[in-house]
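The structure appears right after this line, and notes come after that.
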Amino acid sequence: MGMFFPKVKRKNYWQRFGLRDLTPAEWEDLCDGCGKCCLFKFDSYDESKVEFTNVACRLLDCSTCQCKHYEERKNIVHDCVKITPELLEERSYWLPSTCAYRLLHENKPLHDWHHLISGDRNTVHEQGISVRNWVISETDISEHDIQNHIIEVQEK
Ligand code: SF4
Ligand code: SF4
C-alpha cells in the first residue's frame, strides 16, 4: 500500500501497522526529531557495548536538531546511515532507547512527549529528550578528540 500512496498518513498508523507496512510519509513522520542518531558512537573493543558521545555530525543543526541537508545527506556524509526496517532487525541497539523506530520495533508504545501523542513537535525539546543545547558539533573539535567525548555506554 505504501508503494502506491507514498504521501498518505493514515489515522493512528503507528498503532495499527507494522514498520514494514508504513507509507514513506508515515515513516518520515514517525521520527521524533530528537537528533540523537546523528551523534557519533563507537563499538566497544569487545563489541558488546555501544559508546555514545555528545558530538554531533557536522550536518546537524544543534539548535533545531535537524539535518541541514537531509535530502542530499548521503552524498555529503557518506557514512550517514539511513534508518530502515532492515537496519532495525540487524542493529536496533545502534539507536537510542527513546527512538520511535526502535520503540515500535520492540513493540513498545511511544512516549507522551512524542509529537504523535502530544500533538506538538516541541515537546521532544521541552522535555529534554532531544540533543538541543547539550551537544557540540564535530566541526568544533578535532577528529581525534571525539573519543574523549563518550557520555554513555549501553549493552547491546
Ligand atoms: S533517534 Fe530516532 S527518533 Fe530520534 S531523530 Fe533519530 S531516527 Fe528520529
Ligand atoms: S548527514 Fe544528516 S542525517 Fe546523517 S548523521 Fe549527519 S546530520 Fe544526521
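Bear in mind that the values in this text are calculations on the coordinates, not laboratory data. From a predicted model like this one, the values you see are computed outputs, not experimental measurements. Using ideal geometry, Cβ is built from the backbone for each residue, glycine included, and neighbour counts are taken over all protein chains shown.
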Cβ contacts < 9 Å: first residue of a type in the set (Asp, Glu), restricted to segment 131-156; second residue in a loop (DSSP other than H, G, I, E, B) and exposed (fewer than 11 other Cβ atoms within 10 Å of the Cβ), any location; separation 6+ or different chain. Result? Glu155/Ser48
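If the requirement is being within 13 Å of ligand 1 (Cβ to nearest atom), farther than 20 Å from Leu19 by Cβ and not small (Gly, Ala, Ser), which of these qualifies: Leu95, Leu103, Leu60, Leu87? Outline the logic, then answer.
Details: Leu95 fails: farther than 20 Å from Leu19 by Cβ; Leu103 fails: farther than 20 Å from Leu19 by Cβ; Leu87 fails: farther than 20 Å from Leu19 by Cβ.
Matching residue, one of Leu95, Leu103, Leu60, Leu87: Leu60.
Of the residues in segment 130-153, how many are touching a helix residue (DSSP H, G or I) at 6+ places or on another chain (Cβ under 8 Å), of a type outside the set (Gly, Ala, Ser) and either loosely packed, with under 12 Cβ neighbours inside 10 Å or not in a strand (DSSP E or B) (or both)? Write out each step before concluding.
If we filter segment 130-153 for residues that are touching a helix residue (DSSP H, G or I) at 6+ places or on another chain (Cβ under 8 Å), which is where we start, we get 130-132, 136, 138, 141, 146.
After this cut, where a residue has to be of a type outside the set (Gly, Ala, Ser) as well, the list is 131-132, 136, 138, 141, 146.
From what's left, either loosely packed, with under 12 Cβ neighbours inside 10 Å or not in a strand (DSSP E or B) (or both): 131-132, 138, 141, 146.
So the answer is 5.
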Condition set in contact (Cβ under 8 Å) with a residue 60 or more places away in the chain and assigned to a helix (DSSP H, G or I), scope segment 16-34, selection farthest from ligand 2 (Cβ to nearest atom): answer is Arg20
Scan segment 70-89 and report the pairs whose first residue is in contact (Cβ under 8 Å) with a residue 60 or more places away in the chain and whose second residue is more than 13 Å from ligand 1 (Cβ to nearest atom) and not in a loop (DSSP other than H, G, I, E, B), with Cβ atoms within less than 6 Å and a gap of 6+ or a chain change. Pro85/Arg20
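Quick one: in segment 114-129, of everything that is part of a loop (DSSP other than H, G, I, E, B) and touching a residue at least 40 places away in the same chain (Cβ under 8 Å), which residue is farthest from Leu30 (Cα to Cα)?
Filtering segment 114-129 down to residues part of a loop (DSSP other than H, G, I, E, B) leaves 114, 119-122, 127-129.
If we keep only those that are touching a residue at least 40 places away in the same chain (Cβ under 8 Å) too, we end up with 114, 121, 129.
Working: His114: 9, Arg121: 11, Ile129: 15 Å.
Top of the filtered list is Ile129.
I want to confirm something. Restricting to segment 35-57 and keeping residues that are within 11 Å of ligand 2 (Cβ to nearest atom) and assigned to a loop (DSSP other than H, G, I, E, B), which single residue is surrounded by the most Cβ atoms within 10 Å (Cβ to Cβ)?
The first filter runs over segment 35-57 and keeps only residues within 11 Å of ligand 2 (Cβ to nearest atom), leaving 35-41, 56-57.
Right, trim to assigned to a loop (DSSP other than H, G, I, E, B) and you get 35, 57.
Details: Gly35: 25, Cys57: 21.
Result: Gly35.
For segment 106-150, name all the residues that are touching a strand residue (DSSP E or B) at 6+ places or on another chain (Cβ under 8 Å) and of a type outside the set (Ser, Thr, Tyr). Talk me through it step by step, then tell me what you get.
Within segment 106-150, the subset touching a strand residue (DSSP E or B) at 6+ places or on another chain (Cβ under 8 Å) is 131, 134-138, 141, 146-147, 149-150.
Hits for segment 106-150 are Val131, Trp134, Val135, Ile136, Glu138, Ile141, Ile146, Gln147, His149, Ile150.
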I need a count of the residues in segment 70-84 that are loosely packed, with under 13 Cβ neighbours inside 10 Å and in a loop (DSSP other than H, G, I, E, B). 6
Which condition from (1) away from ligand 1 (no atom under 11 Å from the Cβ); (2) exposed (fewer than 13 other Cβ atoms within 10 Å of the Cβ) is the one that Thr123 breaks? (2)
In segment 92-113, anything in contact (Cβ under 8 Å) with a residue 24 or more places away in the chain and assigned to a helix (DSSP H, G or I) is listed as Tyr93, Trp94, Ala100, Tyr101, Leu104, His105
